[in-house]
Structures are given as C-alpha cells and as structure tokens.
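The values are calculated or read from the model by the stated rules, or taken from the named source; none is laboratory data. Quantities reported herein were computed from a predicted structural model and do not represent experimental measurements. Counting neighbours? That spans all protein chains shown, and the Cβs are built from the backbone with ideal geometry, glycine included. Each accessible area value is taken on the protein alone, full model and side chains, heavy atoms only, with ligands, DNA and RNA left out. Shrake-Rupley method; radii C 1.70, N 1.55, O 1.52, S 1.80 Å.
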Amino acid sequence: MGTRDELRTMVDTAHAQGIRVLFDVVLNHPGYADIRTLADYKVPVLWPGHEGATLKDYHGYIDYNNFAFDAWWGRDWVRAGLPGYTEGGSDDYTMQLAYLPDFRTESAQAVGLPPLLRHKPDTLARALPATTVRGYLVSWLSDWVREFGVDGFRCDTVKHVEPASWLALRAASTAALADWKRRHPAQKIDDAPFWMTGEAWGQGPERGAWSDAGFDSMLNFDFQDAAEGDWAALDALYRRYAGLLAGGDHDILSYISSHDTRLYPRARLRHGLSALLLAPGGVQLFYGDESARPPGAAPDGDPRQATRSDMNWASLDAATLAHARKLGRFRARHIALARGAHTRLSEQPYVFARRIDATDASGAAGADRVIVAPEASGPLDIAVAGVFPDGARLRDAYSGRATVLRKGRVALLAEGSVLLEAAP
C-alpha cells in the first residue's frame, strides 16, 4: 500500500470523490512462513543459498524439521503443526485452514508481542499490557481505521473465527472511525458508521447467525452459478432475494467472479453484468469483469490462479465497459434496485419493475421506482401500468432517450437494454 503518506493520500482522494475505502482483513491466520519474511524478521531457519530461491523451490530452503518456533509467532499466538507448536483443532474455529498458522483468537491468555515482531528492525508494534491475541489483532486492525479513516472491512474466513472476535473488531472499529471523523471533518464523506461484510464459505442469501456477529452483509455464494441462467430463472431469483431482504435486517453481497472460485464466462460477460448489476441486495464487481479481462496462466493443481491475471489496461473491451458503466450509474441512482419490491411486468420481452413506495425498514429514504428490460433491442411497446402515473415523462438511462407513459403503456426503441426512470 506504499508509505503511510501515500496511503493517507489515497484514502483522502477517494473520500473527496465520494468513494469509501474498505480493507480486506484476516483474523483467522497469518501467512505461511516464506523466505523473505523469515529473513526480514530475523527468524533463523533458512538453509544456505536461500537468496536465490524462487516461488517454485523456496520451501526446500526452510528447515521445517528444526523450525526455530521460539523466534517466529510462538505457540501462545498460533497453532501451526510445526515442531514445538500445537496442532490445529478439529472444529471450524480452531482448525488450520489450508495448513495456515491459526491465530488463537479464542484464548483468554495474555500474551506479549510475538518474537518475530520484537526482532523486526523497523517494527512499529508495541507491547500491550494484559492483552490477548484477539486484543492485539483487534487493536492493530482498528488502528488503520483510527489513523487513515478506513470506512469498512471485508472480513475473510468468517466462519473460522468465533463470533466474539468479530463483535470485538466491529466495536473497536466503529469507535475508531467515529474518532477519525471527529478529528477530520473536512476529509470525511458523511457520518455513516463503520461497515463490515463477511465471507463465510457457502453462505447463501438467507439471513444467518453471522448477521448478529457484527456484519452488515454477507457474501452470497449462490449467485455466481445462478447468474448464468436465463431471464425466467433470474426473475424467480430476483423475486426470492427481494422477499428475503424486505425486512431490512440483513443484506447480501453477490458476485459473478471471484479469486476463490472462477471467472464468469468471458463470452457471456454482458449477460453476467446485467444479472449482477440489476440484482437485489449489494453487489461487487471483481476487477476486470467490467473490461473483459482474460484469465491468466494457472499452474498444475491450482486452477484458481487463472482468475488473478494482470488487469487488461491496454486492451479494455470498450463495449463491455460501456455496458457496465450504464448499469452501474443507473444502480447508483436507484436504491429501489437493491431494496425495492420486485414485480415482473412482461415475460416476453422480459420486463420488471422495482419500487419503494415509502421509507422501508432498511432506512431507504423516500419513494423510488424503476422499470427495466434487460438485454432488449428494437422497438418495444410494453404495459407498465401502476408503476408510474399516466402522462409521466420517463428517461431510458441506457439510450438517453425520453418517452411519455400513455394509457399504461410505453413505446420506445431499445438499444441493448432499457433502464427507465423518471425524467429530470
């Protein structure tokens, strides 16, 4: 993330554009032991010649059988399955995920700084009196919020950390952001509280116990497969999601591509983007879906690495990007897409309405309504009675053309999709 001043500039610049900044945080585990970290942090477990190691062979330069555990994290901090360390447990909270060292966040034992941070020459870490592993991690993570004004966290591997730790992180970070905003009134966007979304593998759109563990939303693992369906199937899904979210007591974050799963089929990206950006609930774009970024190389046995190719800055797909921008700007203007009641107006061509008639349980202010015909082209004459009053002037945000609703119908020329909103 660069220097502290560069990070501060990035956050302040984003805030000036109305963009909130989230950090991806991990309470469950630190990284694997790697040569660069072991050398920088003065952990004496490297065989001679490690300076020339590559990603393919660096494990061979680490002396795992005589691991200097007392100079690494230490057994009070992690379970690691290495000499001198406790093995991971058998439940979700204490297991070692993918052989990663597991932070002992559930422990009530006070600990000092781990040895590797005591030995790191340029460490900024300080010992905290009478503090547990959980307490250190929560303090370190919320310090990013207090110093830089980070607006929220995307929390990794949620189901592998006990709820009490997430609640502690939420409380500390909420207080930290309020403090930062009090001290930086000119840099803040508004007074919105700290926000957290969580990744609990396999979680679908239904409200679950994690909604009571400090999370404003949870990643929705069900949507990626569903987004490849036709509009009849997606309509049923939209209706279900809108119903599940109507109470306003939880939210979801859907996606069509992920570094942990796969990329959405590149030949059908415009359909996937339409399905995602018109979906109820929260949505997230994986980098390059908006520009048709091609997959990269993947080593044998690790196909997910193909999802992590370089951004295609030199070969952006202009048509895909234009489509994503139109949908994204329309979505940003209309809370009804995320929180409104869903009604199908026509099966062929597929047309739906999303509407909020008053302040709903989620706190969405005022009425909002839209009419959408995704992936529609050519002349259209569709019945839309009951959404807008007769005589209403409407604007298609996709084509930029205006029209008037007459006798419950609207006629217009579709240019790839129709995104109807009240004309300004």
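With the condition kept exactly as written, say whether any residue in segment 151-174 is more than 21 Å from Met196 (Cα to Cα) and open to solvent by 30 Å² or more (accessible area, probe 1.4 Å). Looking through segment 151-174, none of the residues is more than 21 Å from Met196 (Cα to Cα) and open to solvent by 30 Å² or more (accessible area, probe 1.4 Å). Within segment 367-376, being farther than 12 Å from Leu345 by Cα, at pLDDT 95 or above and either β-branched (Val, Ile, Thr) or open to solvent by 30 Å² or more (accessible area, probe 1.4 Å) (or both) holds for Arg369, Glu375. Annotation for segment 195-202: no member residue is within 30 Å of Leu345 (Cβ to Cβ), within 21 Å of the chain's Cα centre (by Cα) and open to solvent by 10 Å² or more (accessible area, probe 1.4 Å). Within segment 90-137, the residues that satisfy the criterion of being open to solvent by less than 50 Å² (accessible area, probe 1.4 Å), free of Cβ contacts under 8 Å to residues at least 60 places away in the same chain and of a type in the set (A, V, I, L, M) are Val111, Leu113, Ala125, Val133. For segment 17-33, filtering for residues that are open to solvent by less than 80 Å² (accessible area, probe 1.4 Å), closer than 30 Å to Ile189 by Cα and not in a strand (DSSP E or B) leaves 4. Checking Arg8, Arg36 one by one, the residue that is closer than 29 Å to Leu253 by Cα, open to solvent by 70 Å² or more (accessible area, probe 1.4 Å), basic (Lys, Arg) and not in a strand (DSSP E or B) is Arg8 and no other. Inspection of segment 223-246 identifies no residue that is over 27 Å from Ala324 (Cα atoms), touching a helix residue (DSSP H, G or I) at 6+ places or on another chain (Cβ under 8 Å) and not hydroxyl-bearing (Ser, Thr, Tyr).
Just to be sure before I move on: is Arg75 more than 16 Å from Lys120 (Cα to Cα), of a type in the set (Lys, Arg) and either open to solvent by less than 20 Å² (accessible area, probe 1.4 Å) or modelled with pLDDT of 95 or more (or both) in the structure I sent?
Answer is no for this residue.
Check whether at least one residue in segment 44-61 is surrounded by 14 or more Cβ atoms within 10 Å (Cβ to Cβ), under 28 Å from Arg154 (Cβ atoms) and aromatic (Phe, Trp, Tyr), and report yes or no. No: zero hits. Based on what the data block shows, is Ala332 part of a helix (DSSP H, G or I) and in contact with a Leu (Cβ under 9 Å, 6 or more places away or on another chain)? No; evaluated as a whole, the condition is false for this residue. For segment 300-322: of the residues being aliphatic (A, V, I, L, M) and touching a Ser or Thr at 6+ places or on another chain (Cβ under 8 Å), which is farthest from Arg270 (Cα to Cα)? It comes out as Met311. Reported count of residues in segment 281-316, each being modelled with pLDDT of 95 or more and farther than 24 Å from Phe223 by Cα, is 6. Please tell me if Leu38 is out of contact with any helix residue (DSSP H, G or I) (no Cβ under 6 Å at 6 or more places or on another chain) and of a type outside the set (Val, Ile, Thr). So Leu38 fits the description; yes. For segment 385-416, the set of residues classified as touching a Lys or Arg at 6+ places or on another chain (Cβ under 7 Å), in a loop (DSSP other than H, G, I, E, B) and surrounded by fewer than 19 Cβ atoms within 10 Å (Cβ to Cβ) consists of Asp390 only.
Within segment 240-285, the set of residues being of a type in the set (A, V, I, L, M, F, W, C), open to solvent by less than 20 Å² (accessible area, probe 1.4 Å) and in a loop (DSSP other than H, G, I, E, B) comprises Ile256, Leu278, Ala279.
Which pairs do you get when a residue that is free of Cβ contacts under 8 Å to residues at least 40 places away in the same chain, found in segment 222-244, comes within reach of a residue that is open to solvent by 60 Å² or more (accessible area, probe 1.4 Å) and not in a helix (DSSP H, G or I), reach meaning Cβ atoms under 7 angstrom, with the pair 6+ apart or on two chains? From residues that are free of Cβ contacts under 8 Å to residues at least 40 places away in the same chain, the pairs are Leu244/Glu206.
For every residue, the table says whether it meets (1) in a helix (DSSP H, G or I); (2) crowded, with 22+ Cβ neighbours inside 10 Å; (3) in contact with a Gly (Cβ under 9 Å, 6 or more places away or on another chain).
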{"residue": "Tyr287", "(1), (2), (3)": "no, no, no"}
{"residue": "Thr307", "(1), (2), (3)": "yes, no, yes"}
{"residue": "Arg354", "(1), (2), (3)": "no, yes, yes"}
{"residue": "Ala358", "(1), (2), (3)": "no, no, yes"}
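Gln348 passes every criterion in (1) touching a residue at least 24 places away in the same chain (Cβ under 8 Å); (2) open to solvent by 30 Å² or more (accessible area, probe 1.4 Å); (3) of a type in the set (S, T, N, Q) apart from (1). The single condition from (1) in contact with a Lys or Arg (Cβ under 6 Å, 6 or more places away or on another chain); (2) at pLDDT 95 or above; (3) open to solvent by less than 30 Å² (accessible area, probe 1.4 Å) that Ala364 fails is (2). With the requirement that a residue be closer than 16 Å to Tyr32 by Cβ, under 33 Å from the mean Cα position of the chain (by Cα) and not in a strand (DSSP E or B), what does segment 58-81 give you? Scanning segment 58-81 gives Tyr58, His59, Trp72, Trp73, Trp77, Ala80, Gly81.
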